[in-house]
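Worksheet: the structure to be examined is printed underneath.
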Amino acid sequence: IIEILFQEGLLKCLFATETFSIGLNMPARTVVFTSASKFDGSEFRWITSGEYIQMSGRAGRRGKDVDGKIIKMIDTKMDPETAKSILYGEADPLDSSYHIKYNMVLNMMRVDGADPEFLIRSSFHQFQQEQRLPELEDKVSQLMYQMNRIKIDDEELIVNYHSMKSQYQIMSQSVRNTIRLPTNCIPYLTPGRLIELVEEKVKDGTVDVIEWGWGVLVNWMKLNESETYSYGDQKKDKTIAKYKLDCFVRSKLDKNKRWVPDNGPNAEMVVVSFSLMNIANLSALIIKMDHDLQNPMHRNYIRNSILTWNKTRTIVPILDPITDMGIRNEEFKKNLERSNDLKKRFMQIGMNGELEKSVNYLMYTKKAELNEQIKALRIQIKDVSQIAMKDTLRRMKRNLHRLGHCDSSGIINLKGRVAFEK
């Protein structure tokens, strides 16, 4: 009724939602935006250029108005770039949401000569997918050109060193995971013990390690079953996430209000909570803890001790997992030996870390990053070159055959025809 009254000119003013103003052919002389922002279901944001074009396009009635008027009311501060992007920005991209269903597959299979794959190849979805192919191939060519321009002296040596170090990181992480098990490490979590802390993130087969260095254990506690403590990505391991460690470390707050390591000379000593997943090594050293950690002299003593140990960590005695902690697992012993052997070998090749400081190693790291990007793009090219939703179609045909709707050659039978009619 409202649509009819408005089209007939009987309603002089209409307050409409965004859906009403975009979806219907209801032109008006003037369009007024009472606000330039909207709630999209999760947060308030500025309207996009495409939304503005659609809604403002209602201004001006064909055959009646020479031009249309648009009034935009700004209720909050808007910077010039945002206003420019709304008024002159590009329209929202048109992406295909085409997808196949069992009903469509049955319909195509029951018609002689009809091929579901041909229908998919002729779809706008397939067209958009193939349209990306030249762009992806150009990116691969550019990255290949950049990678081939990088010339490295003794590249074979650096490749062996990098490969050996990656193996060591993965092996040492396996060793650490065993040491971190509550049954192995909890008996040695004595307040005052020095603990080497790290954050580990595994990505594409490599381990990214953020080193916190040595900290002093203040206290630990086992959380209730209903609670879940996590630090970083460690919340995935429920068994280990039941324990929380409060450690005295040198840290600072980053822009996201998150504690991060601080190795500066004027770093502040604070108590930060960790999980067992952050333990790298347990030291045999135990500092006599003053119950009053607010005591400046005691805090300064601990700070200077940690600073010294972080600089000369080789003198810090480590609890041996086998002789001191009593871990008797045979597989763990083999992994520990393998880890120690790899560490010695890559340290010898890398000249105790001097190789990583060289220009050649930095160039190799850049070359390896380019190579990983090329591999990822080639996987995308392979996917784009194939028919869209090919695996989905093959899975649907297999399910239809398993349910008895068609035979092995793809010919629909009576059960399939009845299912289609429903």
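The values are calculated or read from the model by the stated rules, or taken from the named source; none is laboratory data. No experiment lies behind these values; they were computed from the predicted model shown. So basically every Cβ, Gly included, is an ideal-geometry build from the backbone, and we count neighbours across all protein chains shown. Surface accessibility is based on the protein's heavy atoms, side chains included, excluding ligands, DNA and RNA. Shrake-Rupley method; radii C 1.70, N 1.55, O 1.52, S 1.80 Å.
Once the Cβ-Cβ distance between Asn300 and Met363 is put in as r, and R0 is 56 Å, what FRET efficiency do you end up with, to the nearest 0.05?
Details: r = 43 Å, r/R0 = 0.77.
The computed FRET efficiency comes out at 0.85.
Please report the antiparallel percentage of DSSP beta bridges with both residues in the chain, rounded to the nearest 5.
On the way: 35 of 40 bridges.
Beta bridges within the chain, antiparallel portion: roughly 90 percent.
In whole angstrom, how long is each semi-axis of the equivalent ellipsoid of region 27-116, when you take the square root of 5 times every eigenvalue of its Cα gyration tensor and sort them from largest down? Can you show the working numbers first?
Numbers: eigenvalues 326, 83, 26 Å².
The three semi-axes for region 27-116 are 40, 20, 11 Å.
Give the lysines whose C-alpha is closer than 19 Å to that of Lys397, dropping any in the same chain fewer than 8 places away, or say none.
Lys101, Lys415, Lys422
Could you tell me the accessible area of Lys382 in Å² (1.4 Å probe, neighbours in place), rounded to the nearest ten?
130
Can you give the relative contact order of region 1-78 as a percent, counting alpha carbon pairs under 8 Å and 6+ residues apart? Numbers along the way, then the final one.
Details: 87 pairs, mean separation 27.0, N = 78.
About 35 percent, as a whole number.
What FRET efficiency comes out for Asp407 versus Ile318 if R0 is 60 angstrom and r is the Cβ-Cβ distance? Round to the nearest 0.05.
Working: r = 67 Å, r/R0 = 1.12.
Between Asp407 and Ile318 the formula returns 0.35.
Sorting Ile186, Ile315, Ile71 by accessible area (1.4 Å probe), largest first, what list results?
Numbers: Ile186 35, Ile315 115, Ile71 85 Å².
Result, largest first: Ile315, Ile71, Ile186.
Provide the solvent-accessible area of Thr178, counting protein heavy atoms only and rolling a 1.4 Å probe, rounded to the nearest 10 Å².
Thr178 exposes around 30 Å² with every protein chain in place.
Can you compute the helix-only [θ] at 222 nm over the chain? Use -39500 (n - 2.57) per DSSP H run of at least 4 residues, normalise by all residues, nearest 500 deg cm²/dmol. Please report the intermediate quantities before stating the final value.
Details: 15 runs with 181 residues, N = 422.
After summing the helix terms and dividing by residue count, I get -13500 deg cm²/dmol.
What does the charge count around Gly89 come to, taking other residues whose C-beta lies under 13 Å from its C-beta (Lys +1, Arg +1, Asp -1, Glu -1)?
-3
To test your reading of the geometry: what angle, between 0 and 90 degrees and rounded to tens, separates the Cα axis of helix 296-311 from the longest principal axis of the chain?
Roughly 90 degrees between the two axes.
Per residue, what volume in Å³ does the convex hull of the Cα atoms of region 114-168 enclose? Could the numbers behind the result be given before it?
Working: hull volume 7.8 nm³, N = 55.
Convex hull volume per residue, Cα atoms: 141 Å³.
Over 20 Å between C-alpha atoms is what I'm after, so list which of Lys165/Lys344; Lys255/Lys367; Lys165/Lys244 land there. The partial results should precede the final answer.
Values: Lys165/Lys344 10 Å; Lys255/Lys367 31 Å; Lys165/Lys244 30 Å.
As for pairs spanning more than 20 Å Cα to Cα, those are Lys255/Lys367; Lys165/Lys244.
Take Asp95, project a point 7 Å from its Cα along the Cβ direction, then tell me which residues of region 380-395 have their backbone nitrogen under 17 Å from it.
380, 384, 388-389
Hey, in the GNM for the chain with a 10 angstrom Cα cutoff, which one of Tyr52, Tyr168, Tyr364 fluctuates hardest?
Of Tyr52, Tyr168, Tyr364, the most mobile in the Gaussian network model is Tyr52.
Give me the percent relative contact order of the chain, please, defined on Cα pairs under 8 angstrom at least 6 residues apart. Mind dumping the intermediate values first?
On the way: 503 pairs, mean separation 68.3, N = 422.
Once normalised by length, the contact order is 16 percent.
Two-decimal Rg/Rh of the chain from alpha-carbon positions, Kirkwood Rh? Spell out each step's value before the answer.
On the way: Rg = 32.4 Å, Rh = 29.1 Å.
Taking Rh as the inverse mean 1/r over Cα pairs, Rg/Rh reads 1.11.
Which lysines, on any chain, are close to Lys69 with Cα under 18 Å apart, when same-chain ones fewer than 8 places away are left out?
Hits, sequence-local ones excluded: Lys12.
Using 0.36 nm times the number of residues separating Ile4 and Phe124, minus their current alpha carbon distance, what extension gain do you get? Present the calculation step by step, with values, prior to reporting the outcome.
On the way: separation 120, 0.36 × 120 = 43.20 nm, distance 3.53 nm.
That pair, Ile4 and Phe124, stretches by 39.7 nm at full extension.
Taking 0.36 nm per residue of separation and subtracting the Cα-Cα distance, what length does fully extending Arg62 through Lys382 add? Display every interim value, and only then the final one.
On the way: separation 320, 0.36 × 320 = 115.20 nm, distance 4.92 nm.
Separation in residues times 0.36 nm, less the Cα-Cα distance, equals 110.3 nm.
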